[in-house]
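Read through the structure below, which is laid out as structure tokens, and then see the notes.
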Protein chains: 2
Amino acid sequence: MDYPFLRACRRKETDYTPVWIMRQAGRYLEEYREVQKKADFMTVCKTPDLTVEVTLQPIRILGVDAAILFSDILTPVETMGLKLQFIKGKGPVLEPPVKSMQAVDRLGIPDPEDDLGFVLESIRILRKELEGKVPLIGFCGAPFTLACYMIEGETSKDYSGAKRLMFQAPHIFSALMEKITETVSIYADAQIKAGAQAIQFFDTWAGLLSRADYRKYALPYIKKAISYVKKQNKGVPVIYYVNGSSTILDLVKSAGSSVIGLDWRHDLDTAWEALGHNVAVQGNLDPCTLFLPQDQLKKRVKDILKRAGGRPGHIFNLGHGILPPTPRENAIALVEMVHQLSRKK
Amino acid sequence: MDYPFLRACRRKETDYTPVWIMRQAGRYLEEYREVQKKADFMTVCKTPDLTVEVTLQPIRILGVDAAILFSDILTPVETMGLKLQFIKGKGPVLEPPVKSMQAVDRLGIPDPEDDLGFVLESIRILRKELEGKVPLIGFCGAPFTLACYMIEGETSKDYSGAKRLMFQAPHIFSALMEKITETVSIYADAQIKAGAQAIQFFDTWAGLLSRADYRKYALPYIKKAISYVKKQNKGVPVIYYVNGSSTILDLVKSAGSSVIGLDWRHDLDTAWEALGHNVAVQGNLDPCTLFLPQDQLKKRVKDILKRAGGRPGHIFNLGHGILPPTPRENAIALVEMVHQLSRKK
């Protein structure tokens, strides 16, 4: 079946611009909050029935053109040997933070089927549930972003602790990055083998690096992971999203993904021009604009579609994850607007 | 007296590249930590003797080419009528957060001499102390960044609460921005009248805006403030620093400052080229690179100087504030390196 989302990933013509929303299964949906009353975040991630339920919610409620596996980028990290907790008001906490070569040596490489079987099981169920509706995107953190969390042990404004280790102990940093790269490579591959029809790598913090440092400390690893996934799964689209990528667009492209996720600070036309039109792009509405009245939101949607210029290879999305206080009706309206405004006569 | 820093602000030739460090008076200096044992942060900001002491420390210890008034961007905000506290592990907290037109109406416009006399007094003392050594830079938050803090009431990862108000209640947002703009305009002017020989506007969060939103919600206000300051003080350099400005460089330039502060994600040569060489630039070493061994730090310094190309109008600085755990000896070495490597035969 030739879904618009997958066609757009391959830069083929579609009848309308496909759209999905980063974090489309989330707290802005009352149906999601209902599930969260029964089980905490990690339990939802680890219980296939619940994972499937929340993954399907935005398909039913919003009518988006792709489902994305409900998960957390830190899910595989836990199986490498760190304790993961979500603490209210603080976010994820990983213990112990990785600060030494001994700590890196202690990390294992998970076996996806044994250690992350719940993810693969969810994917298998989801494929059955979604058949004929929309394709399923797999979900994976990029090595640099995962290293940031693993070294800091928690979220940070600037990840200066992680960058400090990177600069002061590059051998520890690279050993850690190698292990993460192997983990995400086989994890992403396993998701595709289980049924994911595309995979997105999230590199939320790589935009904190200068060009020289991105080139040296982040790019080789994500490139290796993408290359592995592509080699093992010919033709399956890989999406690479970096938040704050405006100074490193050319390097981001050289990582080799089929689709590049753009944050909202780019003008989409300029960014696509800079990247070259031989790669698909995904984005890039500011998540905060979903607070606008719908007539103004519509102008923003129109503007992005105009900048994409009807060129094959644009997947509409936000430039970052949807925010928990977003009005549900505006998320629904967004999907309708994209479909309606982009539909070819 | 024709100081290298002021000459560089005016794009005149200098014998070497002048250098100062954002947050150069700070916790990375044991001398600063000694002062903080006697008095908390706000007390240091409000007590001229202590302000003067910590402002002078980096001149003596590092040999930087400019002093910058030790202060906080929220100092004038407190005098507008919000309660400001610094809470350990959380940062600044402003109460009550500004969320309604009533809250905006309650805000006052401070009289710098009456309400911020301690700042002006510090500047007058500093000018005497610094005479013949280095010039003094005044210190001011830019309107958008101050609005972010005033609406959120505390630091935030993405200031989505502030942007939400901006989108949902633009009349409240613009009324707030008008009051902030008036405040910072007369505050910056008063600092110059008291003796500051240049003024820097810090716009830490404007990089969270898309181009369209920066143009609409931030630019007109900072432009107005800069224009006021320039008109009142002919020839006094205005520095405008925006963190994460790569997609809005042309707009940042149109705000009208004499010097543009660049963060570390830009390559300095590309950014200066994009800005045009008819404006001076300040930056842009990644603060985290001060954790590198000195031989590698030196390569980074060389690289930035090379990108500046010996062109008049480059002031060396970090791309963001120096980090508290920075090794003091590396900060000292940085200043020496810049002077030594840039000195003309």
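When residue A:130 is tested against (1) within 29 Å of residue A:9 (Cβ to Cβ); (2) within 14 Å of chain B (Cβ to nearest Cβ); (3) surrounded by fewer than 22 Cβ atoms within 10 Å (Cβ to Cβ), only condition (2) is not met. Exactly one residue out of B:3, B:32, B:16 is touching a Lys or Arg at 6+ places or on another chain (Cβ under 8 Å), at pLDDT 95 or above and of a type in the set (Ser, Thr, Tyr): that is B:16. Among the residues of segment A:277-297, some residue qualifies, meaning at least one is outside any helix (DSSP H, G or I), more than 14 Å from chain B (Cβ to nearest Cβ) and surrounded by fewer than 17 Cβ atoms within 10 Å (Cβ to Cβ). Comparison of B:122, B:156 shows that the only residue that is under 21 Å from the mean Cα position of the chain (by Cα) and away from chain A (no Cβ under 14 Å) is B:122.
If you go through segment B:317-345 one residue at a time, how many are more than 14 Å from chain A (Cβ to nearest Cβ) and under 19 Å from the mean Cα position of the chain (by Cα)? So the count comes out to 3. Name every residue in segment A:222-267 that is part of a helix (DSSP H, G or I), in contact (Cβ under 8 Å) with a residue 40 or more places away in the chain, surrounded by fewer than 24 Cβ atoms within 10 Å (Cβ to Cβ) and within 19 Å of the chain's Cα centre (by Cα), in order of residue number. Within segment A:222-267, A:224, A:228, A:251 meet the criteria. Pairs linking a residue in segment A:322-345 that is outside any helix (DSSP H, G or I) to a residue that is among the hydrophobic types (A, V, I, L, M, F, W, C), with Cβ atoms under 6 Å and 6 or more positions apart or on different chains, are A:322/A:21; A:326/A:290.
Can you name the residue in segment A:168-217 that is in contact with a strand residue (DSSP E or B) (Cβ under 7 Å, 6 or more places away or on another chain) and assigned to a helix (DSSP H, G or I) and, of all such residues, is nearest to the other protein chains (Cβ to nearest Cβ)? My answer is A:207. Checking each residue in segment B:101-127 for being surrounded by 13 or more Cβ atoms within 10 Å (Cβ to Cβ), farther than 18 Å from residue B:193 by Cα and of a type in the set (Gly, Ala, Ser) picks out only B:103. When segment A:67-102 is filtered for residues that are without any contact (Cβ under 8 Å) to a residue 40 or more places away in the chain and of a type in the set (A, V, I, L, M, F, W, C), only A:87 remains. The condition (being in contact (Cβ under 8 Å) with a residue 60 or more places away in the chain, farther than 24 Å from residue B:108 by Cα, touching a helix residue (DSSP H, G or I) at 6+ places or on another chain (Cβ under 7 Å) and not aromatic (Phe, Trp, Tyr)) is satisfied by just one residue among B:176, B:146, B:165, B:136: B:136.
Do any helices (runs of 4 or more DSSP H) lying entirely in segment A:1-79 carry at least 2 residues that are touching a helix residue (DSSP H, G or I) at 6+ places or on another chain (Cβ under 6 Å) and under 22 Å from residue A:285 (Cα atoms), and which ones are they? Ranges flagged: A:48-62.
The values are calculated or read from the model by the stated rules, or taken from the named source; none is laboratory data. Note that the structure is predicted; figures quoted are calculated from it, not measured. Counting neighbours? That spans all protein chains shown, and the Cβs are built from the backbone with ideal geometry, glycine included.
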